[in-house]
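Read through the structure below, which is laid out as structure tokens, and then see the notes.
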């Protein structure tokens, strides 16, 4: 059973573009969306409206930095300090390379980050690489193990 | 020796000091007694005493003079009064000499230290006596003295009246200056003696011992310039010679008498004129013939002298006050103008600046700049003067009226100012304000030589020209001294300007801080906006791309074309935003200050560019470039941009030549990058460095137009400058400078 991907994104356009990009990568995983940090945590902790969801952590959390209610950094922090969640892979999605919070994200142990690129085709490519890295693809496309994966701490 | 009519000769001509002549003039007698014992100690030889002077030993004044009870009481009064009386008083008694028939001597008495003096003066011939109504006339005079307006009027009144009272041929008022040179400022005369009005005399004519004497002895009289002095004898050996300071009959040095005779002066009298305890001048009377003045007239003259002195003090205070008020007005006007200006110097107008201290010239020196007003020396001389002045001006003010005597570089100064009044505003900034005053001679010469019309009838008359020359000799290079009010004005000016400068500096600092803050905000704003703009452009591109990916088959050719344009425009917008973002970010980070090897940086960029442009023929020359202090990361970006530009704009040349050179300069490094590319029109040189400004269309050369703006920013942040030269079709040279002792702006400030 494939674990779902948790996509946390508040902006409607960014959310749609992300979902369509994910669709284009033929990921078989279900994509769960959360529109703010609070919802993300509720899902992860199986609380609130998510209390009845099947147990199990997502395969990867695609986490936007700037979120209403509870922001991305705090969500990351909660994940990393939670006994059962701390090993969940988290990839930050950032609006630009210059976000000051990236340092904090590194210090909190984010696995990787993706700069939402201007070019949509590049975005599709980045998402595909993520999928390959976290081995959630249905069938890996040929030559997809690229060495130039963006990794945290670089 | 000069020819002043009242010169006292001192020094090796005289063996006795002036107050101990041991003789008297012959128109009276003198007795001296000890205050303690009342017994006579000295007598002039002409005192008729039986048995000679020795017979007076042990006798009292009262008995020898047969004083009436009234006179005896007066005498007792004087005995007990301390030495305050500056002159003898009348005993209101006369004494008949037994051997001179009915000669009645008018008796005067005074005390000096432990000695009592009685002078007996023979009465005057009737013709010389004062008119009976003299007292009334004196009252009228004193009233008039209180009512005159100017000092000049006062002097004229006093000299006229004095002559009327005393009958001397010539009465004049002689005024000393700060260095004891003097001039005759008022005169009343008949034709018996020559005129001395406006004549000037050097200080040596009335030397210090005489001046000191005149402080104590306020009135002196020489009844005849041709007399045989009458010796004074002590009645016994135990008594020292007398101090005749206050005795009217005091004898005069024969040298002086001869002098007077040579000058045609038969008699003289003078009264000291004091101002606040100091000798201000002399009221001098002369006659061609011998002359005695009755005691009452002398007292009237003494009174006139005193009143004059009091008037003088009042007028002087009023004058000083008026001058202070006048100068304060000038200062106020200057302050108003200076406060309005951004720089106080712009508020100075010539008229007021000079009027502030009664100067002929002025200058403001700040660093290496000079602003000159009126008759001031040239800039080079001023700066030299400034260097000499600096250590002497540490209290804030310096003044002299004989600059030539203390300043070693006078020969360089063209107009020979005698007076210098200087204030330091800010020694750190080398900011000084100085005023100049021309030497006195020039001032007088400007007013005309007063001695042009002097008649020189015969050789016996004194030669006023000599005195003038002698005086001129003494005052060469001297200006009129700065008045206390003028020095005050300069000090007040200094205080005001210091406050103003500090205020303006504070304002400037606030403005600078504000500017910097605003710039910082602007740049943060630019950063935020760019950052926020990214998302929408990204969305536009994303959905346009999806349209293209999923729906292009449903579009016709035009539709696909539009879509393509949307995609490319959105991409371009995104690139612009990203560029702006990184440009802003670069501005906001702090500048590192470390040694940077420019040669290594440019070398590395050259290598990278050669690698990226393998198909191009580029001739590189990278000369020896210096090590500078700065931020290596940013300087690398600058080098990248400059060399990339050179490579880009030489792309149309078969062989591109790019030269990087270093140029020596005193306090900065200058680097140039020259290429033989397409160049540019110098008319648009300013636009080269603007943000997003391009001089070529994007079809000719790609690029966003931010490269040079980036370089300019980086160089400016390091405290340097950047400029360019070029011509269309003839390549371009880009220069930038970096300061040697770099203290660049840590945060951006648009210069």
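Every read-out reported here was derived from the displayed coordinates using simple, explicitly stated rules and does not represent laboratory data. Because the structure is a prediction, the values reported are computed rather than measured. Cβ placement follows ideal geometry from the backbone for every residue including glycine, while neighbour counts extend to all protein chains displayed.
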Legend entry - Helix-derived mean residue ellipticity, 222 nm - over chain B, DSSP H n ≥ 4, -39500 (n - 2.57), to 500: -13500 deg cm²/dmol
Legend entry - Computed FRET value (nearest 0.05) for residue B:528 with residue A:23, which takes r as the C-beta separation and R₀ as 41 Å: 0.80
Inset, instruction - Over the residues of segment A:2-120, compute the C-alpha Rg and express it relative to 2.2 N^0.38 Å. - result: 1.00
Inset, instruction - Decide, for segment B:119-256, between rounded, prolate and oblate: order the square roots of the alpha carbon gyration tensor eigenvalues as a ≥ b ≥ c, take rounded if a/c falls under 1.5, and otherwise choose prolate if a/b is larger than b/c, else oblate. - result: oblate
Inset, instruction - May I ask for the Rg/Rh ratio of segment A:1-43, computed from Cα atoms with Rh as the Kirkwood radius, given to two decimals? - result: 0.99
Inset, instruction - Please give, to one decimal in nm, the separation of the simple spin-label points placed at residue A:49 and residue B:387, each 7 Å out from Cα toward the Cβ. - result: 8.6 nm
Inset, instruction - Send over the Kirkwood Rh of segment B:364-430, from the inverse of the averaged 1/r over different Cα pairs, rounded to one decimal Å. - result: 12.2 Å
Inset, instruction - For chain B, state the semi-axes of the equivalent ellipsoid (square roots of 5 times the eigenvalues of the alpha-carbon gyration tensor), sorted largest first and rounded to whole angstrom. - result: 99, 25, 22
Legend entry - Computed E for residue B:139/residue B:350 - FRET, C-beta separation, R0 45 angstrom, nearest 0.05: 0.30
Inset, instruction - Diagonalise the Cα gyration tensor of segment B:536-592 and give the resulting equivalent ellipsoid semi-axes, square root of 5 times each eigenvalue, largest first, whole Å. - result: 35, 9, 6
Inset, instruction - Output the relative contact order of segment B:593-728, whole-number percent, from Cα pairs under 8 angstrom with separation of 6+ residues. - result: 23 percent
Inset, instruction - List the extent of the Cα atoms of the protein assembly as shown along each of their three principal axes, largest first, rounded to whole Å. - result: 164, 70, 49
Inset, instruction - In vacuum, with every alpha carbon of segment B:221-286 counted as one equal point scatterer, what does the Debye formula give for log10 I(q)/I(0) at q = 0.15, 0.19, 0.24, 0.28 Å⁻¹? Two decimals, please. - result: -0.64, -0.88, -1.08, -1.23
Inset, instruction - Take A:120, B:525, B:602 and order them by how many other Cβ atoms sit within 10 Å, fewest up front. - result: B:525, B:602, A:120
Legend entry - Rg/Rg_ref, segment A:62-128, where Rg_ref = 2.2 N^0.38 Å and atoms are Cα: 1.13
Inset, instruction - For segment B:470-536, state the semi-axes of the equivalent ellipsoid (square roots of 5 times the eigenvalues of the alpha-carbon gyration tensor), sorted largest first and rounded to whole angstrom. - result: 62, 12, 4
Inset, instruction - Give the order of B:624, A:10, B:77 when sorted by the count of other beta carbons within 10 angstrom, beginning with the fewest. - result: B:624, B:77, A:10
Legend entry - Size of segment B:302-398 as Cα extents on the principal axes (Å, biggest first): 60, 32, 25
Legend entry - Neighbour-count order for B:597, B:212, fewest beta carbons within 10 angstrom listed first: B:212, B:597
Inset, instruction - For segment B:467-578, report the translational diffusion coefficient in µm²/s to the nearest whole number, using Stokes-Einstein at 20 °C, 1.002 mPa s, and a Kirkwood Rh over Cα pairs. - result: 99 µm²/s
